[in-house]
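First comes the structure, then the notes that go with it.
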Amino acid sequence: MVVKVYGPVKAACPQRVMVCLLEKGVNFEIVDVNLEVGEQKRPQFLSRQPFGQVPVVEDGDFRLFVKLGHLVTERKNVNAWWKDISNRPAWKKLMSLASDY
């Protein structure tokens with residue numbers, strides 16, 4: 001299975017991930033995300049990264065992204081409240097405003 005890196009090829013953060021994967025000899029596929037048209041805010045992308053930010057790294061069922069991604073696996077209760085909070089209209093509005101910066 002090939003690791004997938006979601007993000008714009010020319011953006012610095014996805015490039016950092018790609019460099020690390022290249023240095024480790026990991027085969028990967030780049031899935032371009034067009035930030036200019038807001039692809040990162042569409043439901044298909046938000047299902048991978050609830051904050052709508054890049055990069056996202058997928059290796060089979062394992063998904064890694066910045067901004068609290070580690071809390072879901074390290075803190076047993078985060079997953080329980082995350083689904084509830086992230087579906088609230090106020091949270092979605094806040095995240096849409098925060099991602100505009």
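The values are calculated or read from the model by the stated rules, or taken from the named source; none is laboratory data. A quick note: this is a predicted structure, and the numbers were derived from the prediction, not measured. With ideal geometry, Cβ positions are generated from the backbone for all residues, glycine too; neighbour counts draw on all protein chains shown.
A compact table of results
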{"item": "Long-range neighbours under 7 Å by Cβ, at least six apart or interchain, first residue over 11 Å from Val3 (Cβ atoms) within segment 15-36, second among the polar types (S, T, N, Q) and outside any loop (DSSP other than H, G, I, E, B)", "result": "Val33/Gln40"}
{"item": "Of all residues in segment 34-71 being at pLDDT below 90 and hydrophobic (A, V, I, L, M, F, W, C), the one that is nearest to the chain's Cα centre (by Cα)", "result": "Phe65"}
{"item": "Count of segment 36-59 residues which are crowded, with 16+ Cβ neighbours inside 10 Å, outside any loop (DSSP other than H, G, I, E, B) and β-branched (Val, Ile, Thr)", "result": "2"}
